[in-house]
Structures are given as structure tokens and as C-alpha cells.
1. Calculate what fraction, in whole %, of the accessible area of segment 43-99 sits on carbon and sulfur atoms when a 1.4 Å probe is rolled over the protein chains.
2. Excluding residue 50 itself, what net charge comes from residues whose Cβ is under 11 Å from its Cβ, given Lys and Arg +1 and Asp and Glu -1?
3. Within segment 54-89, whose backbone N sits under 17 Å from a point 7 Å along Cα→Cβ of residue 129?
4. Of 70, 123, which has the most accessible area with a 1.4 Å probe, and how do the rest follow in descending order?
5. Work out the FRET efficiency for residue 88 and residue 112 from their Cβ-Cβ distance, taking R0 = 25 Å, and round it to the nearest 0.05.
6. Taking every alpha carbon pair in segment 104-154, what does the distance histogram look like in 10 angstrom bins from 0, in percent?
7. Rounded to the nearest 10 Å², what accessible area does residue 57 show when all protein chains are kept and the probe is 1.4 Å?
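The values are calculated or read from the model by the stated rules, or taken from the named source; none is laboratory data. All values reported here derive from a predicted model rather than from experimental measurement. Positions of Cβ are generated from backbone atoms using ideal geometry, with glycine treated the same way; all protein chains shown enter the neighbour counts. Protein only, heavy atoms only, side chains kept; ligands, DNA and RNA dropped before computing areas. Shrake-Rupley method; radii C 1.70, N 1.55, O 1.52, S 1.80 Å.
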Amino acid sequence: IFEKYTNFMRKHAFLIITILLSIQVYSQSEGDNIEKKSVKDVPFVLIENPPTYPGCTGNKLEKKRCLNNEIRRIFARNFNSKLANNLDLTPGKYRFKIAFRINKSGYSEALKIGAPHPDIVNEIKRIISLIPKMKPATQRGAFVDVKYFFPLSYVVQ
């Protein structure tokens, strides 16, 4: 039984980790410029209308959950899981720190990626570029940038 369990875990490690991945979404405020009537980088927890992923509907909380699930799915489906294993990294669990922004136009931009190898950083940037255009977030009637941060765990064998 233990051998079957171990084989299952090896074959499906990335999928399991991705499913268990918890996305922590946040944004930092750079302040409001009331004279120009523009708002930048409103904290995600305070956003009046979050970015809307294509096909997501419902209230604010439902849209946030849908967005998080779709981003998680994009990473799970598109991350080249063989890449990390082929980079001569020491076996073990790695945690990649990913920060990106959905800008006022609804497009995703990579901001900061913490990974143990430049090829992994490039792979994560590639995946961020696959995120489709969304309806941008608004705060007090103005479009705003929203920053996302989430950890992605991966086991190198």
C-alpha cells in the first residue's frame, strides 16, 4: 500500500500541490490623488469592484473566488513541471513567490518572482502572459491597478 501511495504522490505531486495552493491576494496603496480623481493600487481587501475574469459572475466575493480559481488553473495546466526537475536543483520542496498586477487596462504584468533559477522565473512570466484580459478593478468609479501575490510550491525529486 505504501509503495502505491508513494508512486501516486510522485506522479501527481505538482497537481496536488497546485490544488492545495493557497492564493493570498493583496495590494499596497500608494495613496490617492484626489485632485486628479485617480486612484492607484487599492488594497484588494478594500476594492469596491475586483477585476473580473472572463466568465466569472456574481457578487464581489464570488468574483474574487472565481478569479483565484482560474489563475490557479492556468498555473496548474501550463507550468512545465519537467523544467524544475531538469535544472539540477537539489531534491526537495521549493516555494516560488509570485507577484503580478492586473493593470487598469485589464492585462496582467509580472512584477516580482522569487525562484531558485532564472529559467523558472521565465516560465512563470510566460504563464502570467497567458492570463486573459479581464475587466479591470474599480474604486470610487475609477479604474485601479491590483497587485496579486501568491506562493507556488513545487517538489523536485
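1. Values: 1540 of 3350 Å².
Whole-percent figure for carbon plus sulfur exposure: 46.
2. Details: positive: 60, 63, 64, 65, 135; negative: 48, 62.
Around residue 50, the charge tally is +3.
3. Output list for this probe position: 75, 78-80.
4. Working: 70 45, 123 20 Å².
From most accessible down to least: 70, 123.
5. Numbers: r = 24 Å, r/R0 = 0.98.
Efficiency at R0 = 25 Å is approximately 0.55.
6. Per 10 Å bin, starting at 0, the Cα pair percentages come out as 22, 46, 24, 8, 0.
7. 110 Å²
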